[in-house]
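What follows is a single structure, written as structure tokens, with notes after it.
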Amino acid sequence: MGRLLARVFFAVALPVVLVAGWWAASDGSTDPFWPPLRTILDTFPDVWTADRLRTDVVPSLLRLLGGFATAAVVGVALGTVIGSYRGVRAVCEPVLEFLRAVPPPVLVPVIMLFAGIGDTMKIVVIASGCVWPILLNTVEGVRAVDSVMLETARSYGVTGIARLRHLVLRSASPQIFAGLRQALSIGIILMVISEMFAANNGIGFTVVQFQRSFAIPDMWTGILVLGLLGFVFSVVFRLVERRVLGWYHGLRATTRRS
């Protein structure tokens, strides 16, 4: 019980300090671009009503989840193939390094030419940025599978899908989840950027509209929404990770105790 309370304390201590610092630093501010935190919080419930959540937040979340899921499937599939075969890796690595170096926001105008300006474009933009950390971490995770375990599986006739599922992907799953965690934060950024181009709803679109109409407190509430969404996604992802990688965290805990 004491350990749980300590973890909760350390989890909330820094956010409380930051909010208190923001409140104190902005209190009494007359700068129109730096409103007091009190004003922003008072404005929040008036701006983010149930109707706005339905028309702006829900579409953003669906785009984010669509792009993230697409990147996860493509990244894990390609990463498994590239990591498993040295010849494929040698051919693909130069191209992957080139494509990884291209910032995804730069591709938005290009993607608009082929995918239009609807939800498809936004999902493709999100996927194009999220796929790289997943792909590269999967490649490294597959490459790091213990060769002795691979030979043992081969000796016992564990091949094909069973070998891929129970040995390769399971051994690489810690690094795959590390890539998924990185991709999630990238996806939130690209969700906002994609909604700033030829959109008529979404959190990014709403924040830009507030900024253009000089509704600065409203704009800050949109930034708070993005921060809260990032926090919620982080907590949910950590719970899923602890569930799926329970064997890995248990193994690490046992190793530390020994």
Taking the stretch 110-122 and keeping residues open to solvent by 30 Å² or more (accessible area, probe 1.4 Å), in contact (Cβ under 8 Å) with a residue 24 or more places away in the chain and either closer than 18 Å to residue 186 by Cβ or not aliphatic (A, V, I, L, M) (or both) leaves 119
Within the stretch 102-137, the residues that are touching a helix residue (DSSP H, G or I) at 6+ places or on another chain (Cβ under 7 Å), of a type in the set (Val, Ile, Thr) and over 15 Å from residue 69 (Cα atoms) are 108, 111
Quick count over the stretch 78-105, residues being open to solvent by 50 Å² or more (accessible area, probe 1.4 Å), of a type in the set (A, V, I, L, M) and outside any helix (DSSP H, G or I), is 1
Taking the stretch 58-85 and keeping residues of a type in the set (Gly, Ala, Ser) and farther than 14 Å from residue 137 by Cβ leaves 60, 66, 67, 69, 84
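Could you check, for the stretch 221-239, whether at least one of its residues is open to solvent by less than 70 Å² (accessible area, probe 1.4 Å) and of a type in the set (D, E, K, R)?
Taking the stretch 221-239 and keeping what is open to solvent by less than 70 Å² (accessible area, probe 1.4 Å), we get 221-222, 224-227, 229-230, 233-235, 237.
Checking the rest, the ones that are also of a type in the set (D, E, K, R) come to none.
The answer is no; no qualifying residue exists.
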Condition set assigned to a helix (DSSP H, G or I) and surrounded by fewer than 14 Cβ atoms within 10 Å (Cβ to Cβ), scope the stretch 123-148, selection nearest to the chain's Cα centre (by Cα): answer is 147
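For the stretch 1-16, state whether one or more residues are crowded, with 16+ Cβ neighbours inside 10 Å, at pLDDT below 90, under 30 Å from residue 172 (Cβ atoms) and among the basic types (Lys, Arg). Lay out the reasoning, then the answer.
The first filter runs over the stretch 1-16 and keeps only residues crowded, with 16+ Cβ neighbours inside 10 Å, leaving none.
Among the residues of the stretch 1-16, not one is crowded, with 16+ Cβ neighbours inside 10 Å, at pLDDT below 90, under 30 Å from residue 172 (Cβ atoms) and among the basic types (Lys, Arg), which makes the answer no.
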Per the list (1) touching a helix residue (DSSP H, G or I) at 6+ places or on another chain (Cβ under 9 Å); (2) open to solvent by 70 Å² or more (accessible area, probe 1.4 Å); (3) closer than 24 Å to residue 232 by Cα, residue check on residue 68 breaks on (2)
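Select from the stretch 32-65 the residues that are outside any helix (DSSP H, G or I) and open to solvent by less than 70 Å² (accessible area, probe 1.4 Å) and write down the one among them that is farthest from residue 190 (Cα to Cα).
The initial filter retains those residues of the stretch 32-65 that are outside any helix (DSSP H, G or I), namely 32-36, 48-49.
From the residues that got through so far, the ones that are open to solvent by less than 70 Å² (accessible area, probe 1.4 Å) too are 35-36, 48-49.
On the way: 35: 27, 36: 28, 48: 22, 49: 24 Å.
Step by step, filter the stretch 32-65, then rank; the result is 36.
The values are calculated or read from the model by the stated rules, or taken from the named source; none is laboratory data. These numbers come from a predicted model, not from an experiment. Don't worry about glycine lacking a Cβ; one is built from the backbone with ideal geometry, like all the others, and counts go over all protein chains shown. All accessible areas refer to the heavy atoms of the entire protein, side chains included, with ligands and DNA or RNA removed. Shrake-Rupley method; radii C 1.70, N 1.55, O 1.52, S 1.80 Å.
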